[in-house]
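All remarks here apply to the structure that follows.
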Amino acid sequence: MDDSVDRHIARWRGKAPFDERVEAVVTRMQLLVKHVSQAKDAALAAVGLQDFEFETLHRLSSRGEGGRMTPSELAAELKLSPAGMTGRLDTLEKAGLVRRVRGVDDRRRVDVELTERGHAAWLKAMGLRGKVEDDMVGVLGRDDQDTLAALLKRLLLHVESQGHPKK
């Protein structure tokens with residue numbers, strides 16, 4: 001059974017200088033990444049979150065119960081300027097997804113923490129995303145999933161060892 005990549009390769013056969021195997025692998029990876037990205041966008045829309053909101057909640061959630069970080073820690077992880085982080089936190093705080101709290105030992109310190117509402121929104125978005133990802137990868141058996149994960153890891157380790165940009 002042909003997929004869209006088989007048709008793409010057939011359309012370009014003899015017209016463009018590429019290795020068909022490499023083109024098939026890379027194009028399928030690109031399409032799968034696009035699918036995951038669209039699923040993420042749909043999950044966020046269903047929960048009423050924008051991507052920047054989710055990414056901030058995601059970082060806070062990684063800190064465990066209470067999900068606390070300083071604004072400068074968040075800005076560094078999200079690669080934002082301090083002013084950009086302040087604007088983002090203002091929006092999230094207004095929506096009731098995070099709150100700023102003064103430090104106990106140092107009143108000059110401000111931490112950002114998830115609210116119950118923020119954590120619930122993050123969990124719901126993660127569940128929706130996970131369902132789509134599980135459905136996509138679930139077509140493969142466990143052994144095939146392990147093999148695919150190992151092959152992708154080899155590719156990523158190679159690219160990272162070459163000094164290519166990381167995300």
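Taking every residue in the stretch 11-24 that is in contact (Cβ under 8 Å) with a residue 12 or more places away in the chain and pairing it with any residue that is open to solvent by 100 Å² or more (accessible area, probe 1.4 Å), at least 6 positions away or on another chain, the pairs with Cβ-Cβ distances below 9 Å are GLU23/TRP12. Can you spot a residue in the stretch 36-51 that is within 30 Å of ASP106 (Cα to Cα) and in contact with a Lys or Arg (Cβ under 9 Å, 6 or more places away or on another chain)? So far as the stretch 36-51 goes, no, none of its residues is within 30 Å of ASP106 (Cα to Cα) and in contact with a Lys or Arg (Cβ under 9 Å, 6 or more places away or on another chain).
Check whether at least one residue in the stretch 135-158 is over 19 Å from LEU74 (Cβ atoms), in contact (Cβ under 8 Å) with a residue 40 or more places away in the chain and under 21 Å from the mean Cα position of the chain (by Cα), and report yes or no. Can you show your working first?
As a first pass, look at the stretch 135-158 and keep what is over 19 Å from LEU74 (Cβ atoms): 135-158.
Now narrow it down to the ones that are in contact (Cβ under 8 Å) with a residue 40 or more places away in the chain: 136.
Okay, now just the ones that are also under 21 Å from the mean Cα position of the chain (by Cα), so 136.
Yes, that holds for at least one residue.
Before we move on, is SER72 at pLDDT below 95, touching a Pro at 6+ places or on another chain (Cβ under 9 Å) and among the polar types (S, T, N, Q)? Here the answer is yes, as SER72 does meet what is asked. Checked against the criteria, ARG7 does not count as open to solvent by 60 Å² or more (accessible area, probe 1.4 Å), at pLDDT below 90, over 25 Å from GLY127 (Cβ atoms) and more than 25 Å from the chain's Cα centre (by Cα). With respect to (1) touching a strand residue (DSSP E or B) at 6+ places or on another chain (Cβ under 8 Å); (2) without any contact (Cβ under 8 Å) to a residue 12 or more places away in the chain; (3) loosely packed, with under 14 Cβ neighbours inside 10 Å, the lone exception for ARG109 is condition (2).
Just to be sure I understand, how many residues within the stretch 122-148 are outside any loop (DSSP other than H, G, I, E, B) and either touching a Phe, Trp or Tyr at 6+ places or on another chain (Cβ under 8 Å) or open to solvent by 60 Å² or more (accessible area, probe 1.4 Å) (or both)?
First, pick out the residues of the stretch 122-148 that are outside any loop (DSSP other than H, G, I, E, B): 122-137, 142-148.
From what is left, the residues that are either touching a Phe, Trp or Tyr at 6+ places or on another chain (Cβ under 8 Å) or open to solvent by 60 Å² or more (accessible area, probe 1.4 Å) (or both) are 122-126, 128, 131, 133-135, 142-144, 146-148.
Residues in the stretch 122-148 being outside any loop (DSSP other than H, G, I, E, B) and either touching a Phe, Trp or Tyr at 6+ places or on another chain (Cβ under 8 Å) or open to solvent by 60 Å² or more (accessible area, probe 1.4 Å) (or both): 16 in total.
This table checks each residue for (1) over 17 Å from ASP51 (Cβ atoms); (2) modelled with pLDDT of 95 or more.
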position: THR86; (1), (2): yes, no
position: THR115; (1), (2): yes, no
position: ALA125; (1), (2): no, no
position: LEU140; (1), (2): yes, yes
position: SER161; (1), (2): yes, no
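Scanning the stretch 49-81 for residues that are free of Cβ contacts under 8 Å to residues at least 40 places away in the same chain and in a helix (DSSP H, G or I) yields a total of 11. Filtered by the rule that a residue be in a loop (DSSP other than H, G, I, E, B) and open to solvent by less than 60 Å² (accessible area, probe 1.4 Å), the stretch 82-105 gives ALA95, GLY96, LEU97, GLY103.
Looking only at the stretch 11-46, which residues are among the small types (Gly, Ala, Ser) and surrounded by 11 or more Cβ atoms within 10 Å (Cβ to Cβ)? Outline the logic, then answer.
Initially, the stretch 11-46 is screened for residues among the small types (Gly, Ala, Ser), giving 14, 16, 24, 37, 39, 42-43, 45-46.
The answer is ALA24, SER37, ALA39, ALA42, ALA43, ALA45, ALA46.
Filter the stretch 106-121 down to the residues that are in a helix (DSSP H, G or I) and among the charged types (D, E, K, R) and list them by number.
First, pick out the residues of the stretch 106-121 that are in a helix (DSSP H, G or I): 116-121.
Selection gives GLU116, ARG117.
The values are calculated or read from the model by the stated rules, or taken from the named source; none is laboratory data. All values derive from a computational prediction rather than experimental measurement. Note that we place each Cβ from the backbone using ideal geometry, even for glycine, and neighbour counts take in every protein chain shown. These accessible areas exclude ligands, DNA and RNA; they are computed on the full protein's heavy atoms, side chains included. Shrake-Rupley method; radii C 1.70, N 1.55, O 1.52, S 1.80 Å.
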